[in-house]
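The values are calculated or read from the model by the stated rules, or taken from the named source; none is laboratory data. Please read these numbers as outputs of a predicted model, since none were measured by experiment. Here the Cβ positions follow ideal geometry from the backbone for every residue, glycine too, while neighbour counts run over all protein chains shown.
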Amino acid sequence: MSSLYYSSTSNRISTLPSGSSPMLSQESNVRILRPRRASPEQSIRPTRAEVNLAALKHNFHVLEQAAGHAQVWAVLKADAYGHGAPAVARTLERAGVQCIAVALLEEAIELRNAGIKCSILVMGGCYEQAYQELLEHRLTPVVYHQEHIKKLARAVEFYNHSQRTYKPLQVHLKIDTGMGRLGVTLNELDSILECTKTYSNIEIEGVMTHFACADVEGFSGSESMYDQLYRFQSALQKIQRYGYKPRFTHAANSAALFRSLREKFPIDLRFDAVRPGIALFGVTPCSDFMSPQFQLKPTLRLRSEIVSLRTLEPGLCVGYGSTWRSSRRSCIATIPMGYADGLPRSLSNQGVVLIHGRRAPIVGAISMDMCSIDVTDISAAQLHDEVVFLGEQKGLLGYDVISAEEIAKTANLIPWDVLTSISRRVPRFYI
Ligand SMILES: *Cc1c(COP(=O)(O)O)cnc(C)c1O
């Protein structure tokens with residue numbers, strides 16, 4: 001097993017010298033906060049996340065199979081669901097991904113500065129005062145307001161003039177078909193299409209929507225998807241009537257993609273491209289959608305080590321609030337991983353970890369930087385033994401796995417926030 005080190009300290013946003021954060025970009029006076037993450041070479045504490053890039057590549061190819069004729073675009077928002085976006089993006093680019101989608105302009109710029117060449121779709125829609133950054137970094141904005149179009153058109157005109165080129169900007173138009181969050185509603189569609197017509201330097205390259213209930217099992221999920229597909233279809237027809245022929249129509253997240261393999265929808269909701277996020281990282285949004293043909297592999301392992309061991313006589317307590325009391329002579333291990341590292345505090349007295357390949361309970365309240373494990377039944381437990389919070393472990397006592405889904409269930413969360421909560425204090429090691 002070899003480790004590849006990715007230095008987050010040399011990862012720059014914008015053209016300013018490194019070391020200043022937040023930064024002021026010279027060109028456009030936009031403040032861009034550079035995310036700072038503990039880097040492997042600086043890490044002293046044994047707590048770390050190991051990202052398995054081979055598993056990531058495997059998942060990408062599985063998704064390609066599931067997508068059929070449609071392209072698989074990788075959704076790498078929130079630092080690639082906590083895995084570290086630059087390294088994940090590089091791996092997927094080598095595996096042939098055509099487009100990466102992120103939520104923030106800042107996330108897109110981080111990827112460009114990391115050398116990512118493929119198309120980058122910025123889905124969040126916050127570009128105010130940063131149009132120049134958007135154009136300079138060859139990013140594709142998602143638009144859904146007339147104001148966006150107008151301001152973008154002006155920025156493109158200015159930019160092209162300064163560069164002495166004529167290059168239209170390709171945008172993706174987002175349709176709100178039932179998510180009720182971002183997107184043009186069907187009522188506003190005519191006016192935004194009229195508006196776009198008047199700007200020759202804005203090209204609609206893509207049309208997209210987003211499902212609200214693709215991961216809601218059963219009939220209510222399907223019904224909602226039907227409704228949204230129906231509205232999307234009529235939006236697409238209208239867009240065609242205006243003479244637009246967008247190259248890409250896209251809608252499906254991970255759950256919708258897998259669902260489309262099992263359930264018959266009136267149209268193929270994979271369209272020209274699918275936008276999976278969580279599935280790239282080995283999490284199946286609804287496990288009963290999966291056939292063995294599409295086995296995903298977990299990509300992240302969160303581990304630490306025992307830094308202290310103590311024997312407690314019966315009746316003694318552990319942690320803030322003394323929420324756990326020993327009922328027998330107990331052996332308690334202290335682990336340097338707490339809620340500030342992203343270990344959900346709701347796992348206090350609920351969660352489990354792996355030691356020597358066997359489960360041991362988290363006891364007492366999880367603190368900011370530490371937690372305690374009852375290792376009374378694991379007599380082999382010693383100082384510096386590995387403790388796994390998420391992922392697999394093989395040891396003297398067996399083999400076991402703790403998945404993001406399992407943690408989510410215990411902590412009353414969803415796998416998405418389990419992964420994206422792993423904080424920047426935890427260095428990512430790439431394997
Ligand atoms: C996050 C996101 C996705 C990916 O969703 P997953 O459920 O993680 O696959 C796709 N499209 C949009 C617009 C998103 O915001």
For segment 87-109, state whether one or more residues are touching a residue at least 12 places away in the same chain (Cβ under 8 Å), under 30 Å from Phe158 (Cβ atoms) and more than 16 Å from the ligand (Cβ to nearest atom). yes
Within segment 37-77, work out how many residues are in contact with a helix residue (DSSP H, G or I) (Cβ under 7 Å, 6 or more places away or on another chain) and closer than 18 Å to Ser119 by Cα. 5
Taking the residues in segment 236-292 that are small (Gly, Ala, Ser) and surrounded by fewer than 14 Cβ atoms within 10 Å (Cβ to Cβ) as candidates, determine which candidate is nearest to Cys213 (Cα to Cα). Ser287
Could you run through segment 57-92 and say how many residues are of a type in the set (Asp, Glu) and surrounded by 20 or more Cβ atoms within 10 Å (Cβ to Cβ)? 1
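Please work out if Gln233 is of a type outside the set (Lys, Arg), free of Cβ contacts under 8 Å to residues at least 24 places away in the same chain and surrounded by fewer than 17 Cβ atoms within 10 Å (Cβ to Cβ). Steps first, answer last, please.
Working: of a type outside the set (Lys, Arg): yes; free of Cβ contacts under 8 Å to residues at least 24 places away in the same chain: no; surrounded by fewer than 17 Cβ atoms within 10 Å (Cβ to Cβ): yes.
No: the conditions fail for Gln233.
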Filter segment 367-384 for residues that are part of a loop (DSSP other than H, G, I, E, B), surrounded by 18 or more Cβ atoms within 10 Å (Cβ to Cβ) and within 31 Å of the chain's Cα centre (by Cα) and give the result. Ser367, Met370
Have a look at Gly351, Gly357 and point out the one that is in contact with a Ser or Thr (Cβ under 8 Å, 6 or more places away or on another chain), more than 16 Å from the ligand (Cβ to nearest atom), among the small types (Gly, Ala, Ser) and farther than 26 Å from Pro86 by Cα. Gly351
Among residues belonging to segment 141-161 that are among the β-branched types (Val, Ile, Thr) and under 20 Å from Arg181 (Cα atoms), point out the one that is surrounded by the most Cβ atoms within 10 Å (Cβ to Cβ). Val143
Filter segment 250-295 down to the residues that are away from the ligand (no atom under 12 Å from the Cβ), of a type in the set (A, V, I, L, M) and not in a helix (DSSP H, G or I) and list them by number. Ile267, Leu269, Met290
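Does segment 297-320 contain at least one residue that is assigned to a helix (DSSP H, G or I), more than 15 Å from the ligand (Cβ to nearest atom) and modelled with pLDDT of 95 or more? I'd like the intermediate steps shown before the answer.
So in segment 297-320, the residues assigned to a helix (DSSP H, G or I) come out as 320.
Checking the rest, the ones that are also more than 15 Å from the ligand (Cβ to nearest atom) come to 320.
Adding the requirement that they be modelled with pLDDT of 95 or more leaves 320.
Yes: segment 297-320 contains one or more residues that are assigned to a helix (DSSP H, G or I), more than 15 Å from the ligand (Cβ to nearest atom) and modelled with pLDDT of 95 or more.
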Give Gly351, Gly364 a once-over and let me know the one that is buried (at least 20 other Cβ atoms within 10 Å of the Cβ), among the small types (Gly, Ala, Ser), in contact with a helix residue (DSSP H, G or I) (Cβ under 9 Å, 6 or more places away or on another chain) and under 16 Å from Gly321 (Cβ atoms). Gly364
Log entry, pairs with first residue in segment 351-365 being on the phi > 0 side of the Ramachandran plot and modelled with pLDDT of 95 or more, second being buried (at least 20 other Cβ atoms within 10 Å of the Cβ) and not in a loop (DSSP other than H, G, I, E, B), beta carbons closer than 6 Å, six or more apart or on different chains, reads Gly357/Gln393; Gly364/Val318; Gly364/Trp324; Gly364/Ser372
(1) more than 25 Å from the chain's Cα centre (by Cα); (2) within 23 Å of Lys264 (Cα to Cα): which one isn't true of Tyr166, the others all being true? (2)
Quick check on my filter: what residues within segment 176-230 are surrounded by fewer than 20 Cβ atoms within 10 Å (Cβ to Cβ), closer than 16 Å to Glu147 by Cβ and within 23 Å of the chain's Cα centre (by Cα)? Leu182
Could you check segment 64-84 and list, in sequence order, the residues that are aliphatic (A, V, I, L, M) and either farther than 14 Å from Cys99 by Cα or within 16 Å of the chain's Cα centre (by Cα) (or both)? Ala66, Ala67, Val72, Ala74, Val75, Leu76, Ala78, Ala80
Select from segment 120-129 the residues that are of a type in the set (Gly, Ala, Ser) and away from the ligand (no atom under 15 Å from the Cβ) and list them in ascending order. none
Which condition breaks for Ser403 when tested against (1) within 16 Å of the ligand (Cβ to nearest atom); (2) more than 18 Å from Arg358 (Cβ to Cβ)? (2)
Enumeration of residues in segment 411-430 that are surrounded by fewer than 21 Cβ atoms within 10 Å (Cβ to Cβ) and in contact with a Leu (Cβ under 7 Å, 6 or more places away or on another chain): Ala411
